[in-house]
1. Considering every residue within segment 94-107, establish whether at least one is touching a Cys at 6+ places or on another chain (Cβ under 6 Å), farther than 13 Å from THR36 by Cα, surrounded by 12 or more Cβ atoms within 10 Å (Cβ to Cβ) and modelled with pLDDT of 95 or more.
2. Assigned by TED's automatic domain parsing to the domain that holds ARG46, at pLDDT 95 or above and either touching a helix residue (DSSP H, G or I) at 6+ places or on another chain (Cβ under 6 Å) or more than 20 Å from SER27 (Cα to Cα) (or both): is that true of GLY88 in this structure?
3. List every residue pair whose Cβ atoms sit under 7 Å apart, with the two residues 6 or more apart in sequence or on different chains, where the first one lies in segment 96-114 and is polar (S, T, N, Q) and the second, anywhere, is not in a strand (DSSP E or B).
4. Out of GLY88, GLY11, GLY101, report the one residue that is among the small types (Gly, Ala, Ser) and under 17 Å from the mean Cα position of the chain (by Cα).
5. Considering only segment 52-98, how many residues are among the basic types (Lys, Arg) and touching a Lys or Arg at 6+ places or on another chain (Cβ under 8 Å)?
6. Can you report the number of residues in segment 49-91 which are among the aliphatic types (A, V, I, L, M) and over 21 Å from GLU120 (Cα atoms)?
7. May I ask you to say which residue of LYS13, LYS18, LYS32 is in contact with a helix residue (DSSP H, G or I) (Cβ under 6 Å, 6 or more places away or on another chain) and of a type outside the set (Phe, Trp, Tyr)?
8. Determine whether ARG63 is of a type outside the set (A, V, I, L, M, F, W, C) and in contact with a Phe, Trp or Tyr (Cβ under 9 Å, 6 or more places away or on another chain).
Amino acid sequence: MRHGKKVIHLGRKTAHRKSMLANLGCSLIEHKRINTTVTKAKALKRFIEPIITRSKTDSTHNRRIAFSLLRDKKTITELFREVASKVGDRPGGYTRVIKVGNRLGDNASMAMIELVDFNEIYNTEKITKKKTRRRSGTKNKATETTKSKDKVSNEIIIEPSDNTTDSTSSQKKSE
């Protein structure tokens, strides 16, 4: 049974695993997106999310803890400046793991892990978010424009039919 075994070992000794996760974490913070195997991506997610949570409050203590785990000064400054400013209001879930298929050489399942707030493709949904509730007193601009187009088209259709009724009624009067 797996009682109390919470660490994803990745087939490595403890020192090698910690060094590998530190390197993957530095690469993720630097490039905002990396490709790796699914298992390493899941282990990296569990490793990097508490560090990003600590970066939200910039203190000497939090910087030292992050440095003891990541071991790179440039990455720490980027983490506490750029990344922390973007994820400041997010309560958690700073990374996203997307499976991208299998590697050609050994058929290992690959994944792309990225920082959520740095992906512009998915962040456009927040800008064009529709409201679900509408008030009865206010009108939507989109419905007004379609109504005005319908009125114009109705007038065009109505005018020729009015002319034909006028011409037929004038012909009947003359007879």
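1. Taking segment 94-107 as the starting set, the residues that turn out to be touching a Cys at 6+ places or on another chain (Cβ under 6 Å) are none.
No, segment 94-107 contains no residue that is touching a Cys at 6+ places or on another chain (Cβ under 6 Å), farther than 13 Å from THR36 by Cα, surrounded by 12 or more Cβ atoms within 10 Å (Cβ to Cβ) and modelled with pLDDT of 95 or more.
2. Working: assigned by TED's automatic domain parsing to the domain that holds ARG46: yes; at pLDDT 95 or above: no; either touching a helix residue (DSSP H, G or I) at 6+ places or on another chain (Cβ under 6 Å) or more than 20 Å from SER27 (Cα to Cα) (or both): yes.
Spelling it out, it is not the case that GLY88 is assigned by TED's automatic domain parsing to the domain that holds ARG46, at pLDDT 95 or above and either touching a helix residue (DSSP H, G or I) at 6+ places or on another chain (Cβ under 6 Å) or more than 20 Å from SER27 (Cα to Cα) (or both).
3. Listed by first residue and then by second, the contacts come to ASN102/ALA108; SER109/VAL38.
4. Numbers: GLY11 fails: under 17 Å from the mean Cα position of the chain (by Cα); GLY101 fails: under 17 Å from the mean Cα position of the chain (by Cα).
Sole residue among the options that is among the small types (Gly, Ala, Ser) and under 17 Å from the mean Cα position of the chain (by Cα): GLY88.
5. Start the filter on segment 52-98 by keeping residues that are among the basic types (Lys, Arg), which leaves 54, 56, 63-64, 71, 73-74, 81, 86, 90, 96.
Then keep just the ones that are touching a Lys or Arg at 6+ places or on another chain (Cβ under 8 Å); that gives none.
Of the residues in segment 52-98, 0 are among the basic types (Lys, Arg) and touching a Lys or Arg at 6+ places or on another chain (Cβ under 8 Å).
6. Looking only at segment 49-91, we keep the residues that are among the aliphatic types (A, V, I, L, M), and these are 51-52, 65-66, 69-70, 76, 79, 83-84, 87.
Among the residues that remain, those that are also over 21 Å from GLU120 (Cα atoms) are: 51, 65-66, 69-70, 76.
Number satisfying all stated conditions: 6.
7. Details: LYS13 fails: in contact with a helix residue (DSSP H, G or I) (Cβ under 6 Å, 6 or more places away or on another chain); LYS18 fails: in contact with a helix residue (DSSP H, G or I) (Cβ under 6 Å, 6 or more places away or on another chain).
Just a single option satisfies the conditions, and that option is LYS32.
8. yes
The values are calculated or read from the model by the stated rules, or taken from the named source; none is laboratory data. The shown structure was predicted, so the numbers you read here are calculated from the model rather than taken from an experiment. Don't worry about glycine lacking a Cβ; one is built from the backbone with ideal geometry, like all the others, and counts go over all protein chains shown.
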